[in-house]
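Okay, structure first, notes after.
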Amino acid sequence: MNGVVAVGPGDGIGPEVTAEGVKVLEAIGRKYNHNFTLKYFDIGGVSIDKYGVPLTNEALELCKHCDAILFGAAGGPKWDTLDAPQYANIGVLQIRKAFELYANLRPVKVFPGTENCSPLKPHLVQGVNLVVVRENTGGAYFGEPKKRWVAENGERIAVDTMIYSEHEIKRILRVGFELAMSRRKKLTSVEKANVTETGKLWRSIAIELHSDYPEVELEHVYADACTMWLLRQPKNFDVLVMGNLFGDIISDEASTLAGSLGMGPSAQLAGLPKPGERKFGFYESAHGSAPKHAGKNDANPIATILSVALMLKYSFGLLGEAKCVEDAVAKVVLTHRTYDIMEEGKIKVGTKEMGDLIVKAIMG
């Protein structure tokens, strides 16, 4: 199989973790006789420094001629000041909009033997395997009006509009229902129907769509309560679906159940692929650019490597290859750890070493 992947390393630790993701992708190519062509582009602060914008039209055009995008991270104190004309991460939002990548899947899996890495008690997280489905192109991040101004009395005011249409809610809920059908058949719909009109509409549509998926157990949970139950009973969740703002916050909390954001992959898609279908996607870790760790070879590349596994699954339909990557990660973390998931009795390794160990496990 042949595939073309656009690679945007970005800022901070982005280039380091992306290099390990590429290393794993190339190992899969060698083992299974696939040919992945890589096309690199600038995004984020590095693009601002070179071209004055976080994503150029040329870079976006390059991505349009690829099967998938592998992204590192964007941003840092150099660019993301309060008075910055545009944040480094705006390039990511531009890609989401350009490709209508409205579904952001953020799986959270606690690998056997890593339970002690979690900030929660080991018995609470043992066996946790859930997915946060975040609506990715609407809500408060994209709604209009969005602005800051100074009133006549000199007071500063800001507004962000959280707006959702029926079709936006329906399509992300369908992703949640369909994903639940392929898993444990449980869907948790998260909103704030007790205080917001968007929440009321969201819950109403979830109830209506449930009739199309009678096998799925549907529950409704307020966003604030969801953050609490993720800490108290995380194993009760299977698939959680929510709007953009809540999804941004709750998916980070959920990723930390596995010990670190360095364990949290993500896939951004325009809906789930049908069986046998290859779907364009944007793949990145859940963590940011962590500028304090840049260049130190200590960042955890596993989130990016697991994002490569998601790419293999959704953009190339290579389910066996995706499982091979996940199995390799599960094997390596039994004995070797980066600093963020380190515990007594394990061998501490750096970014490159972790990538090398996972490649070795892949190749057998």
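Of note:
- Cβ-based exposure ranking for Ile90, Ile163, in which fewest neighbours within 10 Å come first: Ile163, Ile90
- Remark: Glu191, Glu144 ranked as Glu144, Glu191, counting other beta-carbon atoms within 10 Å and listing the fewest first.
- At 0.890 mPa s and 25 °C, Stokes diffusion of the range 167-226 via Kirkwood alpha-carbon radius, µm² per second: 213
- Positive-pole candidate from Trp149, Ser189, Val159, dipole of the range 137-256, charges at beta carbon: Ser189
- Residue order, fewest to most surrounding Cβ atoms within 10 angstrom, among Leu306, Leu38: Leu38, Leu306
- DSSP H segments from the chain that extend 15 Å or more along their own axis, Cα-based, with Kyte-Doolittle mean of 1.0 or above: 302-314
- The Lys31 and Ala84 beta-carbon pair, evaluated with R₀ = 45 Å, returns a calculated FRET efficiency of approximately 0.55.
- Restricting the calculation to Cα atoms, every distinct pair contributes to the Kirkwood radius of the range 247-364, found to be 15.0 Å.
- Shown is the FRET efficiency for Lys121 and Asn57, computed with R0 = 56 Å from the Cβ-Cβ distance and rounded to the nearest 0.05: 0.65.
- Shape call, the range 5-148: gyration tensor on alpha carbons, a/c limit 1.5: oblate
- Placed amide H near Glu217: partners under 5 Å, 5+ positions off or other chain: Lys186, Leu187
- Normalising the average separation of contacting C-alpha pairs (under 8 angstrom, six or more residues apart) by the number of residues puts the relative contact order of the chain at 22 percent.
- Label-to-label distance, nm, for residues given as Tyr40 and Glu277 (7 Å Cα→Cβ offset): 3.4
- For the pair the range 232-287 and the range 331-350, the centres of their Cα atoms are 24 angstrom apart.
- Between Lys64 and Glu219, the contour length at 0.36 nm per residue exceeds the alpha carbon distance by 52.0 nm.
- Peptides 149-157, 96-104, 264-272, 81-89 ordered by packing proxy, namely the average of other Cβ atoms within 10 Å per residue, highest first: 264-272, 96-104, 81-89, 149-157.
- Check: the range 137-256 dipole with +1 on Lys, Arg Cβ and -1 on Asp, Glu Cβ, in debye: 220
- Long pairs among Lys78/Lys360; Lys323/Lys346; Lys97/Lys200; Lys50/Lys97; Lys235/Lys323, criterion Cα-Cα beyond 32 Å: Lys78/Lys360
- CD proxy at 222 nm, helix term only [per DSSP H run n ≥ 4: -39500 (n - 2.57); per residue of the chain; nearest 500]: -11500 deg cm²/dmol
- Listed residues Val133, Val159, Val221, most fluctuating in the chain (Gaussian network, C-alpha, under 10 Å): Val159
All of the numbers you see were taken from the coordinates with simple rules; none came from a lab. These figures come from a predicted structure and were not determined experimentally. Using ideal geometry, Cβ is built from the backbone for each residue, glycine included, and neighbour counts are taken over all protein chains shown.
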